[in-house]
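The values are calculated or read from the model by the stated rules, or taken from the named source; none is laboratory data. For clarity, every value in this text was computed on a predicted model and none was experimentally measured. Methodologically, a virtual Cβ is constructed for each residue, glycine included, from the backbone with ideal geometry; neighbour enumeration extends over all protein chains shown. Note: accessible area is taken over every heavy atom of the protein model, side chains too, but ligands, DNA and RNA are not part of it. Shrake-Rupley method; radii C 1.70, N 1.55, O 1.52, S 1.80 Å.
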Amino acid sequence: MKRVFRLPNSSARIGADLDEELSFHLEGRVDDIMAREGLSREDAEREARRRFGNYESYRREAHDIDEMILERRRKMELLDAIRRESRSALRSLRRAPTFSLIAILTLALGLGATTTIFTLLDRVVLRPLPYPNAGRLVNLATAWPKLKAGTEFGISRGQYFYFKQHSTTLADIAFYDGGMMIINGDGVHAPERATQVFASASTFSILGITPALGRLFTTADERWTPGSRLPALISYDYWQSRYGGDPSVLGRAIDTDDDPIEIIGVLPKGASLPDVTPDVWVPNRLVPSDPPQNNHTHTGIGVLKPGFTVEAAQADIKRLQEELREAYPNVYAKAFYDRTGFSMSVRSLAEHVVGTTITRTLWLAFAAVAFVLLIAVGNVANLFLVRIDAQRREVALRRALGAEAGHLAIHYLAESLILALAAGLLAIAFGDALLRAVLAIAPQSLPRLAEVGFDWRSGLFCFGVALAFGVAFGLLPLTSGATDAGVLRDGSRGITPSRASEVVRRGLVIMQVTLAVVLLAGAGLMAKSFAQLKDVKPGFDPRGVHTMSVILPYNGDTTARTGAFWHELARRVEATPGVVRAGATSDLPLSNHDGCSGLIADVVNSAGESGNCMPMRIVTPGYFEAMGYTARGAFPSWQQVESGVGPLVVTRGFANRFWESADALGHGVKPYNPQAPSFPIVAVTGDVREMNLQTPASQVAYFPIVAPPSKMPWRIGGGLVFVVRAPSVSTPAMVERVRSILAEIEPKALVADVAPMETVVAKSMAQTSFMMLMLLIAAAIALLLSAVGIYGVISYLVGQRRGEIGVRMALGAQKSQVVGLVVRRSIALTAAGVVVGVAVALMTTRMLRSLLFEVRPTDPLVLLGTAVMLLVVAALAAMGPARRAARIDPVEAMRAST
Amino acid sequence: MQRTELDLVRGTLDLLILKTLSWGPMHGLAVLRWIEDTTRDQLQIEEGALYPALHRMEEKGWLDAEWGVTDRNRRAKFYRLTARGRKHLAAELARWNRYTSVVSLVISARGAPAR
């Protein structure tokens, strides 16, 4: 047997070969039969076919097997080819370790940072909320633009019932209020605070929450009476932490500072509301027969009926509100509408939870890291170009010896893909670490924080981008004609200047400089904002001030008794060494508390208003002194307050609003309604920034903890924030003192939320400082990478122009002049990028506008500074190549170039 | 010579083919003829079944297939036993012998089973 033919490698050949094999068999059998049994050819053929059996069936069986064989062989060949190419590519990469390492590191840096921000963006902004109906959930809110523009408030019970019953677009509405509760100690556990929510029964079906244990609320549960035992659901985490996951927890009672509760169920892990993760859920009190009230403080979430849009729901709700207004003119009076500009707002829940500021911040951050990535890619592309040039002769030799252009192209592609994959792997590790760091410094107000983490989508993004660039780099050799064999004919030392190559390099550097300018400009603007924000005088002095929440269990105390408690606490604390003053407030400044209450002044101002919904605080004597407020008049003393006079302090902004040029001292303010007692103003503070550092001249009224006895307008429950000025004492030591004093005077009290006031101030700047930090880091990296890029190109150009430089030196140019020449070339090249960059910056920095504080997006100083910085960097980056140029031996250079 | 027809048990065909090819590479027709000669025509195989069997054993790696040329200068597909094929043949032979000897034990037993 002679081996002659190759095995079939196509589907068509399989069929042909099989036919040939089978017909060979049949013909041979025909001969056998004719010889042995003496039949005629026709008879023999028939007999042969009979003995063969079902020809078609056997043929088909064999054919299927053949196709299987063919497919397997194809797969093996492909795998072999891949393995071969990879090994060859790895070998050649290992021979150039510097190139490979720098390329991988640079790419990984840019890729990792981009993947991190992409993960943030994806999880917080792009992905739908983690509820089954996420796409159909809407937030129902009220807007009071004349009172406080730009903020939305909640809905009322009356609205809940009316909308739920009459809406044509909403299938159901969830209704809840978040808050805090105190769980009393029960001998086993210490007293602790827990996040609590009062939720309607509909909340669970709308958010797709089913119980892990026990049952959920029913509408019957909503009709509870005060003082009765409330059914409660606890969260999975709370169940684990407090009860160790004990399944017998159902039916157990919990003693709280308010109504007692009984556990009827446990919720599954991860069940939470969009804006809060409660430990304990109790039913909201929803009695349909209760008359509507003007109390719009509750969260309302609706679920759209299939086929209806958010806009349709908005129109529907607006219509229903009009009906409600007509039905209850005393609740929704015309005066009320005129004063507040009241209106309804329906938005998708995702939009409400995430908010436009966060969305914009994250997109900006993504743009910043994308810029850094592009700059890094520019450097890596440059590295590839250098390598391609260096390999020109080797490649030309290979081509001359018979290597196909296609095979070489595949080789380059394999190299760049391997580099890209390695960079991708490194980027994932780097990006994961970076994400943790970013989350640590991110403002706590970042929504959906719990959902952020590296997962397969991040990996897909990272490898996708890495592979895309890998392919792009692999195709670079084609652009610069690296496989052109004409190089061999050239007598030079192997580095042939290619016009296209030089243009590409210049272009890359200009691109890098442009991006770096934009990033630096943004960083500069943010830094300036931050500096100005830091310089803002908030109207008090946070240095050396410790703050902590002191929470009292509610047991029906009168305000007088509560006042006595705070007085005693402050007195004892002030008696300890190092304490200057101590006091308490209902809300710290700069904690962005948005609420307001109706306050009525004893005048009518020129705008015709004698009162409005104004921010108010409840404070104890000692608070203002501890916080370092300054004022005209005298801050109230404990004696004054405890006598029931009700001394009031207002900010200058408040005073100016109502009493305008008159002196507010001596005038009075009534809280909530004209029947309330009047609180006389005893002091007017300076210009205070109570809400946030950006908003000046807050208009706040500070009420005393003890009210005039004729009527008590509020209940001091829950607790206050205790404030101590003691610069020489550390915060933990201060907390210890307070705890030990509390153990003596009120053992049931809790201390929580401890923070130095300076931290509170820093947190209020968190958004600005976060953005600034991100942009600064990005700009710094961009600057570094651009410097490397400029260095690379200038080195290359010096190499190209050796002959020219040699001639100049031969004609008498000094070393210093050569250095100057190179540096000037570098600056000129960079200047082109700077010009484009400044133009782009002028167009794009306006996107930072909402984050800037008293800085114009086109601030000329910042732009000038950016330009100068880049030109200086260009000069510095050119020093190395310039000095090398100065050391050129003119004779040798000229000889080499001829 | 009496030609008795014995139907071939499935699976035994593979054994026969492997054994036949252990003498050397052959094409499918030659395999059939050899079996015919050796069994003096007493074994009836549906001849078409040979080819799926051969191709299957090639796919399993017991046989290698190559196109070649016969003595009469005709193009034919030759099959050759591989090392794996030899191992499999040895295993199958051992199994066959065990099987037949166990069956023989029962068939040639002298006593009736105890009640």
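Going by what's in this entry, would A:Ala396 be described as surrounded by fewer than 22 Cβ atoms within 10 Å (Cβ to Cβ) and either modelled with pLDDT of 80 or more or farther than 29 Å from A:Phe461 by Cβ (or both)? Criteria met by A:Ala396.
Name every residue in segment A:276-302 that is open to solvent by 10 Å² or more (accessible area, probe 1.4 Å) and aliphatic (A, V, I, L, M), in order of residue number. Matches in segment A:276-302: A:Val276, A:Val287. Contact map, segment A:653-665: first residue closer than 11 Å to A:Gly686 by Cα, second residue aromatic (Phe, Trp, Tyr), Cβ cut-off under 7 Å, separation 6 or more or different chains; the map is empty. Being open to solvent by 40 Å² or more (accessible area, probe 1.4 Å), under 25 Å from A:Arg36 (Cα atoms) and either at the interface with chain A (Cβ under 9 Å from one of its Cβ atoms) or out of contact with any Cys (no Cβ under 8 Å at 6 or more places or on another chain) (or both) is a property that holds for B:Glu46.
Among residues of segment A:38-53 being exposed (fewer than 13 other Cβ atoms within 10 Å of the Cβ) and over 16 Å from B:Leu32 (Cβ atoms), the one that is nearest to the other protein chains (Cβ to nearest Cβ) is A:Gly38.
Quick one: is A:Asp80 part of a helix (DSSP H, G or I), away from chain B (no Cβ under 11 Å), surrounded by fewer than 16 Cβ atoms within 10 Å (Cβ to Cβ) and of a type in the set (Asp, Glu)? Judged against the criteria, A:Asp80 is a match. Taking the criterion of being within 24 Å of A:Leu446 (Cβ to Cβ) and among the charged types (D, E, K, R), the residues of segment A:76-131 that qualify are A:Asp122, A:Arg123, A:Arg127. All conditions but one from (1) part of a loop (DSSP other than H, G, I, E, B); (2) over 18 Å from A:Ile206 (Cα atoms); (3) open to solvent by 20 Å² or more (accessible area, probe 1.4 Å) apply to A:Gly245; the one that does not is (3). Based on this model, can you work out whether B:Glu66 counts as within 9 Å of another protein chain (Cβ to nearest Cβ), open to solvent by 20 Å² or more (accessible area, probe 1.4 Å), out of contact with any Ser or Thr (no Cβ under 8 Å at 6 or more places or on another chain) and not in a loop (DSSP other than H, G, I, E, B)? For B:Glu66, the condition - within 9 Å of another protein chain (Cβ to nearest Cβ), open to solvent by 20 Å² or more (accessible area, probe 1.4 Å), out of contact with any Ser or Thr (no Cβ under 8 Å at 6 or more places or on another chain) and not in a loop (DSSP other than H, G, I, E, B) - is met. One residue alone among A:Thr858, A:Thr844 is out of contact with any Lys or Arg (no Cβ under 9 Å at 6 or more places or on another chain), closer than 22 Å to A:Ala523 by Cβ and polar (S, T, N, Q), and that residue is A:Thr844.
So, in segment A:160-194, how many residues would count as being of a type in the set (S, T, N, Q), closer than 23 Å to A:Pro291 by Cβ and touching a residue at least 12 places away in the same chain (Cβ under 8 Å)? Number of matching residues: 1.
One line per residue, one yes/no per condition, for (1) without any contact (Cβ under 8 Å) to a residue 24 or more places away in the chain; (2) out of contact with any helix residue (DSSP H, G or I) (no Cβ under 9 Å at 6 or more places or on another chain); (3) not in a loop (DSSP other than H, G, I, E, B):
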{"position": "A:Phe217", "(1), (2), (3)": "no, no, no"}
{"position": "A:Ala220", "(1), (2), (3)": "yes, yes, no"}
{"position": "A:Arg223", "(1), (2), (3)": "no, yes, no"}
{"position": "A:Ser228", "(1), (2), (3)": "no, yes, no"}
{"position": "A:Tyr238", "(1), (2), (3)": "no, yes, yes"}
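Looking only at residues in segment B:17-43 that are modelled with pLDDT of 90 or more and open to solvent by 50 Å² or more (accessible area, probe 1.4 Å), the one that is farthest from the other protein chains (Cβ to nearest Cβ) is B:Lys19. Looking at segment A:435-444, can you tell me whether even one residue there is at pLDDT below 80 and open to solvent by less than 50 Å² (accessible area, probe 1.4 Å)? Yes, the conditions are met somewhere in segment A:435-444. A:Gly544 falls short of the stated requirement of being of a type outside the set (Ser, Thr, Tyr) and surrounded by 21 or more Cβ atoms within 10 Å (Cβ to Cβ).
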